[in-house]
Amino acid sequence: MNRDPESPHRHDDAQRFQTLFQAMNEGVALHELVFDEQGRATDYRILEVNPAYSAILGLSKEAVEGELASAIYGQTPPPYLEIFREVGLSGRGTRFESRYEPMARHFDISVFSPGPNQFATIFTDITERRDTEESLRHALGDLERERGFLKSLIRTVPDLVWLKDGEGRYLACNSEFERYFGAAEEEIVGKTDYDFVDRSQADSFREHDLKAIAHGGPSTNEEWITYASDGRHLLMETTKTPMRDARGQVIGVLGIAHDITGQRESEQALTESRNRAESANRAKSEFLATMSHEIRTPMNVVVGLGDLLLESNLDDEQRAHLHRLQQASNTLLELIDSILDLSAVEAGRASLREEPVELARIVEETVGMMGVVAENKGLRLERHVDPVHHSWVRGDERRLRQVLVNLIGNAVKFTERGRVTVTLEADRRSRPEILRLSVSDTGIGIGPDHLERIFEKFTQVDTGYARRYGGTGLGLAITRQLIERMDGRIHVESRLDHGSTFHIELPLLSAPPVAAPFPAAIPEEEPERARQPQAALRILMAEDSEDNTLLIQTYLKGTPHHLEVVGDGEAAVRRAASERFDLILMDIQMPLMDGYQATRAIREAERGGGHSPTVILALTAHALDGDARKSLEAGCDGHLTKPIKKAQLLAAIDTHTGHEAKQKPRNAGLTNTK
Ligand code: ADP
């Protein structure tokens, strides 16, 4: 703003300069330094400003021109005095960037001196540019940090990590990979697997790469790899993921692998030891089943002969002893049956029926039957059956009866005073709807330590009680297994001396079946009936045990029947071929040829000769459901389980030879009618 009125040129220059000054986007201000008495520049005065100055700083031309900077900017000394003084005094211009705090903006400021003690500032607001630069710097820093982080991650992960291009050439790998491969990254990069491992292995690696690319996502496989570095043969789990560029083109495959040899070995060891434990457990169950089964045969003789002895003339003392003997035998048989039953249920060998069963009816009948037992002890046995709703469940009627008898039996056994209550109600709010059956008593109760354990095998809370009341500790174990196999649950609530409640929940059938398909239960046993004069039957018995033979002979004494005995299966087949019998009693376990084989052979011979089939009753110690089925499959008409009572034998003979053709077969020991 050097105005020289002498020179027209200068006048033009000034004119042009003014125009420029007014039009500039940058803020421009002309100042002069202000000195104090000691001659020190302590302030500066604003002489002239352009419109951009006003626009940028928000200060009008009128307000600032002629004023001291300290007054306008509200600062003593005014902003940048040091720099401006230097420029005004020395005449050397400068340029700097600075953040002007009162406005929180950044400025790029050029300062030059148009004359002594004067200076002009040209400034632009660069806040946006600075911010962009700042965030760019941050982003770059972040990127750098992330890269570093990723690099150190890949370097330090215990897994093998590598990258290959689409052609299978290595692009990079980590140190773990180098270690397994026995080569440094520089030696690996640019090469393919064919440079390091044998052809078939390299082929399989390549195949997996291509599979991952085709699959379009991570693909995992397990393979045994022999490493050239030290010849180790290891099972590696490898995941390969195709890498793509921004346009989605596959640029390579990222591989990550780790050694699972140890893990696999310990898994195998675990499976083996589990298998060993399971087979030991199976062997134990088998042993128990076999033992119990073997014991049934001699028990047959003990119980049978005991029964016969009771029919003879005895004095009172002998009779009392014999009664005790029979009681003890029956307890032993009960124990054997429970063990057999449990091992069958546990091994899943006991087939459970799955048919609609009306639980309310079973409760009525069982409570009716057990009422006598309770009354004998002076207890009341009550039942509350929810009358409004049906009570059909899907299950095995005989097994459900067994469960109820066991629970009510326990309740009566462990209660001295009071009552036993059986409750049956439907819970229609739960989904699916369930039926709740509970048996509660006012007896001795069970302490908290034993609540869960009583459902385990051979567990009794108080052995003193057990001695007094008998029992095997197997009932609840069987009960739980049975209920769970019918998709139900059982639990107990009890406090010592405050009675117990056993709760069973079974899924309720959504609707009762159209017609009740099952007849009422057949009574288990009947006293020997008045016998009618009978036709004499020719009976063949195949039995290797002399004791059993003696027993059956004794049972048949006094009947008109004629009994012939052979000692093994082969002899039975021969006799049956040479002569017609009305009935064959077939022991199952026999030397040379067992009862199943003998029955099949007899049936075949009958078919071949065009004869009508002879009645064959299996005679076994097998108390399991499956054995009844097996003997029926072999061609037997029925199945008698040892120990066989005299009444059962005679009734079975009658039933099967048509002496009582109109009467229903009874199921005492005749398992084929179940
Ligand atoms: P068992 O009755 O043949 O001993 P269980 O398996 O049926 O075998 O019962 C196991 C044990 O649970 C019983 O010996 C007894 O200690 C306890 N227990 C079962 N039911 C009751 C009950 N209602 N009250 C008290 N204790 C019971």
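Taken together, the values in this text are just the output of simple stated rules run on the coordinates, not laboratory data. The shown structure was predicted, so the numbers you read here are calculated from the model rather than taken from an experiment. Every residue, glycine as well, gets a Cβ built from its backbone with ideal geometry; the counts of neighbours run over all protein chains shown.
Here are the numbers:
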read-out	value
DSSP-defined beta bridges in the chain - what % are antiparallel, rounded to 5	75 percent
Under 5 Å, built H, 5+ apart or other chain: amide partners of Val189	none
Nitroxide proxy distance, nm - points 7 Å out along Cα→Cβ at Ile260 and Glu452	3.3 nm
Packing-based ranking, highest mean first, of 403-411, 56-64 given that Cβ atoms within 10 Å are counted	403-411, 56-64
Two-decimal Rg/Rh across region 157-259, once Rg and the Kirkwood Rh are taken from alpha-carbon atoms	0.94
Between helix 316-346 and the chain: long-axis angle, C-alpha atoms, 0 to 90°, nearest 10	30 degrees
Exposure proxy ranking, count of Cβ atoms within 10 Å, fewest first, for Trp392, Trp224, Trp162	Trp224, Trp392, Trp162
Net dipole in debye of region 157-259 [+1 Lys, Arg Cβ; -1 Asp, Glu Cβ; about Cα centre; nearest 20]	380 debye
Separation of alpha-carbon centers, region 39-116 and region 479-515, rounded to whole Å	95 Å
FRET efficiency for Lys377 and Arg538, using Cβ-Cβ distance with R0 set to 60 Å, rounded to 0.05	0.75
Relative packing of peptides 183-195, 258-270 - highest average C-beta neighbours within 10 Å first	183-195, 258-270
Helix-only CD estimate at 222 nm, as mean residue ellipticity for the chain, using -39500 (n - 2.57) per DSSP H run (n ≥ 4)	-14000 deg cm²/dmol
Nonlocal amide H pairs with Met541, under 5 Å, H built at 1.01 Å	Glu564, Val565, Val566, Leu585
Label-to-label distance, nm, for residues given as Ser90 and Thr220 (7 Å Cα→Cβ offset)	7.1 nm
Furthest towards positive pole of dipole, Ala257, Ile339, Pro298, structure part region 255-377, Cβ charges	Ala257
The chain: angle of helix 359-376 to the longest principal axis, Cα-based, in degrees nearest 10	60 degrees
For Leu435, residues with placed amide H under 5 Å, excluding near neighbours	Asp427, Leu506, Leu508
Angle between the chain longest axis and helix 595-609 axis [Cα atoms, degrees, rounded to 10]	70 degrees
